[in-house]
1. Going residue by residue through the range 340-361, is there one that turns out to be outside any helix (DSSP H, G or I), under 21 Å from residue 185 (Cα atoms) and at pLDDT 95 or above?
2. Can you give me the number of residues within the range 152-198 that are farther than 15 Å from residue 129 by Cα and either free of Cβ contacts under 8 Å to residues at least 40 places away in the same chain or aliphatic (A, V, I, L, M) (or both)?
3. Which residues, taken from the range 49-90, are more than 9 Å from the ligand (Cβ to nearest atom), of a type in the set (Ser, Thr, Tyr) and surrounded by 22 or more Cβ atoms within 10 Å (Cβ to Cβ)?
4. Which of the helices (runs of 4 or more DSSP H) found entirely inside the range 187-287 contain at least 2 residues meeting this: of a type in the set (A, V, I, L, M, F, W, C) and open to solvent by 10 Å² or more (accessible area, probe 1.4 Å)?
5. Here are some conditions: (1) out of contact with any helix residue (DSSP H, G or I) (no Cβ under 6 Å at 6 or more places or on another chain); (2) open to solvent by less than 10 Å² (accessible area, probe 1.4 Å); (3) under 30 Å from residue 12 (Cβ atoms). Residue 111 meets all but one. Which one does it not meet?
6. With respect to residue 9, is the statement that it is assigned to a helix (DSSP H, G or I), open to solvent by 50 Å² or more (accessible area, probe 1.4 Å), touching a residue at least 40 places away in the same chain (Cβ under 8 Å) and of a type outside the set (S, T, N, Q) true?
7. Exactly one of these conditions fails for residue 183: (1) open to solvent by 10 Å² or more (accessible area, probe 1.4 Å); (2) within 16 Å of the ligand (Cβ to nearest atom); (3) touching a helix residue (DSSP H, G or I) at 6+ places or on another chain (Cβ under 9 Å). Give me its number.
8. What is the one condition in (1) crowded, with 24+ Cβ neighbours inside 10 Å; (2) outside any loop (DSSP other than H, G, I, E, B) that residue 159 does not satisfy?
Amino acid sequence: MNLNWPLMENNITVEDLSILIDFLKTNPRLTQASNVLDFEKKWSEWLGVRYSVFVNSGASANLITMAAMKHLYGLGEIIVPTLTWVSDIASVLQNGFDPVFVDINPRNLCMNDRQVISKLTEKTKAVFITHVQGFNGLTDRLLRVLEEKNIPLIEDVCESHGATFQGKKLGAFGLISNFSFYFAHHMSTIEGGMVCTNDEKVFETFRMLRSHGMVRETTNKDIKEKYIQNHPDLSPDFIFAYPAYNVRNTEIGAVLGMSQLKRLDKNNIKRRKNFELFIKNLDPQKYRTDFDLEGSCNYAFNLVLKKADIKFRDIVEKAMQNAGVEFRRGSSGGGNQLRQPYLKGIIPEKEFEKYPEIEHIHFFGYYIGNSPDLDKQKILDFCKLLNEV
Ligand SMILES: Cc1ncc(COP(=O)(O)O)c(C=O)c1O
């Protein structure tokens, strides 16, 4: 059986491209301009937040998020997951924070909320949660404790556009949220990302951090005036408030983003149904099927072997390879971040051993592509194949 099932399918359609071509025919300016602003406005409306800032990747969203946290709230500890993308941890380190790791909840692959709470200290500056592969990682308990302790929540929603907690979209809960629009995510702008917030000060800081730290990027006249008055020796057009970056996106990305956004909710319904069908038809003796699907919206299928059995793992991998099903072991981001060489010397040796839940995913968890147009029969055939190995 050849299922011909790639990990990622191009989700930029001919319709998106023809809208882009019509736009290009007007010989427009292509660097960040009015379409970027329109996309940011539409994205904010879709998500249910006040402000969004379009950047060139999800990793850049992570980077300027941590830079803003450093400039606005100062350095300290950031609670981070062991299962996430490298840029979530790298952004913490690059900005001089100390990452404090927690294990995952096997039912949603996100941070174990009790462990997060147990690791909060006087030094905690934020909890930087990742909603892993479409799962919601929030709980009432976590939100309540963070509110009581006045600790900001930052949500990485790069893998979970449209997923919800208690009916509200993920990314609308935290002080800041991050999205990625990379190829084959829930939607794509070729490369791209978004930082979102309801906080005006954070928003204005993002506007500056995105463009070299330039004060003229702020939309707030008072902020601008204050800098100009305090720096009479500087040209008002060239005041750099922060040692920052250029992580802007383009009009091309924004036009594609707005076209894609129109289809996002519809596609998400299809992805959700695909994943439910997959989980429902897997053999619960061999694979984990007890995921917490409430509010989830997965762009990938999670396949987690029930037992830590290397021999069985090899057979499953061979079967998927023979059937033309592309997969990634370690789930999103390659499994346990604590095993990665970039953390050598930063965390104690063998620290990874202390996190058994992510260790299981590291060796026995996979993700497989979930594109909206996946054929139902193909999903059933795949489950049959997995159940028979
Ligand atoms: C959780 C998470 N954060 C950040 C990123 C980085 O996004 P990008 O690839 O757009 O830089 C990714 C990558 O997909 C991700 O999965």
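The values are calculated or read from the model by the stated rules, or taken from the named source; none is laboratory data. Nothing here was measured: the structure is a model prediction, and the numbers come from that model. Here Cβ is always computed from backbone atoms with ideal geometry, including for glycine, and neighbour counts include all displayed protein chains. Surface areas here come from the heavy atoms of the whole protein model, side chains and all, with no ligands, DNA or RNA. Shrake-Rupley method; radii C 1.70, N 1.55, O 1.52, S 1.80 Å.
1. Going residue by residue through the range 340-361, those that are outside any helix (DSSP H, G or I) are 340, 344-350, 355.
Checking which are under 21 Å from residue 185 (Cα atoms) leaves us with none.
No - not one qualifying residue is present in the range 340-361.
2. Selection size over the range 152-198: 4.
3. 52, 65, 82
4. 221-230, 251-280
5. The one condition residue 111 does not meet is (3).
6. Numbers: assigned to a helix (DSSP H, G or I): no; open to solvent by 50 Å² or more (accessible area, probe 1.4 Å): yes; touching a residue at least 40 places away in the same chain (Cβ under 8 Å): yes; of a type outside the set (S, T, N, Q): yes.
Here the answer is no, as residue 9 does not meet what is asked.
7. (3)
8. (2)
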